[in-house]
There are 4 protein chains.
Amino acid sequence: MLTLAQAQTIMSAALAHAGTAGFKPLAIAILDSRGAQKLFAAQDGTSLKRGEIALGKAHGAVAMGLGSRALHKVALERPYFVDAATHAVGGSLVPVPGGVLIRDASGALLGAIGISGDTSDNDEAAAVAGIAAAGLVSDTGA
Amino acid sequence: MLTLAQAQTIMSAALAHAGTAGFKPLAIAILDSRGAQKLFAAQDGTSLKRGEIALGKAHGAVAMGLGSRALHKVALERPYFVDAATHAVGGSLVPVPGGVLIRDASGALLGAIGISGDTSDNDEAAAVAGIAAAGLVSDTGA
Amino acid sequence: MLTLAQAQTIMSAALAHAGTAGFKPLAIAILDSRGAQKLFAAQDGTSLKRGEIALGKAHGAVAMGLGSRALHKVALERPYFVDAATHAVGGSLVPVPGGVLIRDASGALLGAIGISGDTSDNDEAAAVAGIAAAGLVSDTGA
Amino acid sequence: MLTLAQAQTIMSAALAHAGTAGFKPLAIAILDSRGAQKLFAAQDGTSLKRGEIALGKAHGAVAMGLGSRALHKVALERPYFVDAATHAVGGSLVPVPGGVLIRDASGALLGAIGISGDTSDNDEAAAVAGIAAAGLVSDTGA
């Protein structure tokens, strides 16, 4: 199970990456392997439901066991499946990059981070930087 | 009405088929003709909401009276209809193969089985194997 | 994490207990610690949504970290809290006995079982018998 | 508008208060005045949906413009109103102490904090300590 201390390290490093790179304001959601929120932050200037996009990237990844870059590919190839899966999992599934599974060195799933606010590629880069800072392994779905 | 004994025979045979064939971990949902869950199992290693995909295949089939392979064809040809039907039936309808109607020898509807975890074709093959083992008739929608 | 083999042992023993004791038809839902369905069965003769009651007992227990007998006590003393919690957790929380947390010998939460169909006390007794048969520890909330 | 820096100060001080006082593991949700999540953390050991209870305390407070201690009083005196309001606001309203409005020195609403995990009185005390540490004004609804 992802600890709060690990999640705080991931969050701080993701925010630091975004600050250095000059990203737009981000919402960042970190879920544990149960799909429960562990840590969430919205930077100043994020729009009303930006957090729900971040949550949807993370939740979709945990729900389907796939980084959201893989879900993005499915959405392009088989949109009806992603539509259906979104409904089936309860509505929170955003199939664009930026939802990254968090694994330990053995490959066990600890949780996922979802970031939204800048481009999807930049969102994902901040997620990957955060996970690396905690000594854990990113699974972007690439 | 599908009996629990019949559902258990279907489930065991579907799992045996998957084991022999080396499928990825499956979630398997069996509904009766009312759409009520009769039997459900998730193998070890399935992702958080894999079961909801299996349920959506089975529920969509019972809801529309069509094996999910037929719903897949509709999703490709008239996606707006499947979108609308998904909403109309409450959100649980997954239009890809693997949701198979269970009929008796006279053609009467007893229920449906939905399987998710491997390819859609493999999911469907496990469902068909399970139904055959119970001496019942598969309607995949092909 | 609760294994399917453990869940099958619990289910079989709960059904055997109910059969020996002459209980009415039961719906039995076993969730893992993520709140995901692991195993479910509805005996012949259960009403259309009996399964949802069983699921609500199990889900409420995992959601709140309390056996449903404890939630029953809260419902009697502070009904507004249980009403609010039911909404907050998404609607599936049934605060009567028969939702039992499944723990290992160290006390770690593996999941929960919810049973509905006979009296709440009998439902709970079947759950406890099932968990004991798997060599695991019941937490009824008493 | 509540800033992320203010929310971080509130969160840290609330967690420090809980640590010193020996509270059970808490979930803490901080919303801005729009009801959007600003910051959220769940300590290790919180149950699956404990976060939803914390969110419901904070959301109910912002939704109705009342600290949740006031909503608790309403729930005791006019339960039908709180039931109806819970539905009307979309399901997330938990009418027990621990949902505290955050105001600036002029009385303007900045947001709310909701805490769940220990007794309601202790949850509220941690919230009040957090708000004080940020130099802001608590409105518990007392």
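When you look at residue D:22, is it in contact with a strand residue (DSSP E or B) (Cβ under 6 Å, 6 or more places away or on another chain) and farther than 27 Å from residue A:25 by Cα, yes or no? Break it down into steps so the answer makes sense when it comes.
Values: in contact with a strand residue (DSSP E or B) (Cβ under 6 Å, 6 or more places away or on another chain): no; farther than 27 Å from residue A:25 by Cα: yes.
The answer is no for residue D:22.
Which of the residues spanning the stretch A:63-112 are under 21 Å from residue B:61 (Cα atoms) and among the basic types (Lys, Arg)? Working first, answer last.
Taking the stretch A:63-112 and keeping what is under 21 Å from residue B:61 (Cα atoms), we get A:78-91.
Selection gives A:78 alone.
Those residues that are facing another protein chain (nearest Cβ under 8 Å), under 23 Å from residue D:66 (Cβ atoms), modelled with pLDDT of 95 or more and part of a loop (DSSP other than H, G, I, E, B), I need them from the stretch D:1-45; list them, please.
D:34, D:36 - these are the residues of the stretch D:1-45 that are facing another protein chain (nearest Cβ under 8 Å), under 23 Å from residue D:66 (Cβ atoms), modelled with pLDDT of 95 or more and part of a loop (DSSP other than H, G, I, E, B).
Taking residue D:92 as meeting all but one of (1) within 10 Å of chain C (Cβ to nearest Cβ); (2) more than 13 Å from the chain's Cα centre (by Cα); (3) outside any helix (DSSP H, G or I), write down the number of the exception.
(2)
Quick one: how many residues across the stretch A:107-126 are surrounded by fewer than 21 Cβ atoms within 10 Å (Cβ to Cβ), within 14 Å of chain B (Cβ to nearest Cβ) and more than 15 Å from residue A:70 (Cβ to Cβ)? Steps first, answer last, please.
Taking the stretch A:107-126 and keeping what is surrounded by fewer than 21 Cβ atoms within 10 Å (Cβ to Cβ), we get A:107-109, A:118-122.
From what's left, within 14 Å of chain B (Cβ to nearest Cβ): A:107-109.
With more than 15 Å from residue A:70 (Cβ to Cβ) added as a condition, the list becomes A:107-108.
Residues that pass the stated criteria total 2.
Considering only residues that are out of contact with any Asp or Glu (no Cβ under 8 Å at 6 or more places or on another chain), surrounded by 24 or more Cβ atoms within 10 Å (Cβ to Cβ), in contact (Cβ under 8 Å) with a residue 60 or more places away in the chain and among the aliphatic types (A, V, I, L, M), which ones fall in the stretch A:20-42?
If the condition is that a residue be out of contact with any Asp or Glu (no Cβ under 8 Å at 6 or more places or on another chain), surrounded by 24 or more Cβ atoms within 10 Å (Cβ to Cβ), in contact (Cβ under 8 Å) with a residue 60 or more places away in the chain and among the aliphatic types (A, V, I, L, M), then A:27, A:28, A:29, A:30, A:31 are the ones that fit.
Applying the selection to the stretch C:103-121, what residues are among the charged types (D, E, K, R), in contact with a strand residue (DSSP E or B) (Cβ under 8 Å, 6 or more places away or on another chain) and in a loop (DSSP other than H, G, I, E, B)?
Of all residues in the stretch C:103-121, those among the charged types (D, E, K, R) come to C:103-104, C:118, C:121.
Now drop any that are not in contact with a strand residue (DSSP E or B) (Cβ under 8 Å, 6 or more places away or on another chain), which leaves C:103-104.
If the condition is that a residue be among the charged types (D, E, K, R), in contact with a strand residue (DSSP E or B) (Cβ under 8 Å, 6 or more places away or on another chain) and in a loop (DSSP other than H, G, I, E, B), then C:104 is the only one that fits.
Mind listing whichever residues of the stretch D:59-73 are of a type outside the set (Val, Ile, Thr), assigned to a helix (DSSP H, G or I) and closer than 17 Å to residue D:87 by Cα?
Residues of the stretch D:59-73 that are of a type outside the set (Val, Ile, Thr), as a first pass: D:59-61, D:63-73.
Filter again for assigned to a helix (DSSP H, G or I), leaving D:59-61, D:63-64, D:68-73.
Result: D:59, D:60, D:61, D:63, D:64, D:68, D:71, D:72.
So which residues in the stretch B:122-142 are among the hydrophobic types (A, V, I, L, M, F, W, C) and in a strand (DSSP E or B)? Before the answer, list the steps.
Applying the first criterion (among the hydrophobic types (A, V, I, L, M, F, W, C)) to the stretch B:122-142 yields B:125-129, B:131-134, B:136-137, B:142.
Result: B:137, single match.
Evaluate the following for residue C:81: is it away from chain D (no Cβ under 14 Å) and either part of a loop (DSSP other than H, G, I, E, B) or out of contact with any Asp or Glu (no Cβ under 6 Å at 6 or more places or on another chain) (or both)?
On the way: away from chain D (no Cβ under 14 Å): no; either part of a loop (DSSP other than H, G, I, E, B) or out of contact with any Asp or Glu (no Cβ under 6 Å at 6 or more places or on another chain) (or both): yes.
Here the answer is no, as residue C:81 does not meet what is asked.
Looking at the stretch B:74-100, which of its residues are touching a residue at least 40 places away in the same chain (Cβ under 8 Å) and either under 19 Å from residue A:91 (Cβ atoms) or among the polar types (S, T, N, Q) (or both)?
Restricting attention to the stretch B:74-100, the residues satisfying the condition of being touching a residue at least 40 places away in the same chain (Cβ under 8 Å) are B:92, B:94, B:97-100.
Hits for the stretch B:74-100 are B:92, B:94.
Which of (1) within 14 Å of chain D (Cβ to nearest Cβ); (2) in a helix (DSSP H, G or I) does residue C:52 not meet, given it meets every other one?
Failing condition for residue C:52: (1).
Here's the yes/no breakdown for (1) on the phi > 0 side of the Ramachandran plot; (2) more than 13 Å from chain D (Cβ to nearest Cβ); (3) modelled with pLDDT of 95 or more; (4) buried (at least 20 other Cβ atoms within 10 Å of the Cβ):
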| site | (1), (2), (3), (4) |
| --- | --- |
| C:72 | no, yes, yes, yes |
| C:77 | no, no, yes, no |
| C:88 | no, no, yes, yes |
| C:132 | no, yes, yes, no |
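With the checklist (1) part of a helix (DSSP H, G or I); (2) buried (at least 24 other Cβ atoms within 10 Å of the Cβ); (3) not aromatic (Phe, Trp, Tyr) in hand, flag the one item residue D:100 doesn't pass.
(1)
Using beta carbons and a limit of 7 Å, which pairs, at least six apart or on different chains, have the first residue in the stretch A:107-128 and over 18 Å from residue A:93 (Cα atoms) and the second one of a type in the set (Val, Ile, Thr)?
Close Cβ pairs satisfying both conditions: A:110/A:102; A:126/A:115; A:128/A:100; A:128/A:140.
Is it true that some residue in the stretch D:43-56 is touching a residue at least 60 places away in the same chain (Cβ under 8 Å), buried (at least 17 other Cβ atoms within 10 Å of the Cβ) and of a type in the set (A, V, I, L, M)?
yes
The values are calculated or read from the model by the stated rules, or taken from the named source; none is laboratory data. Please read all numbers here as calculations on a predicted model, not as lab measurements. Neighbour counts are summed over all protein chains in view; Cβ atoms, including those assigned to glycine, are modelled from backbone coordinates with ideal geometry.
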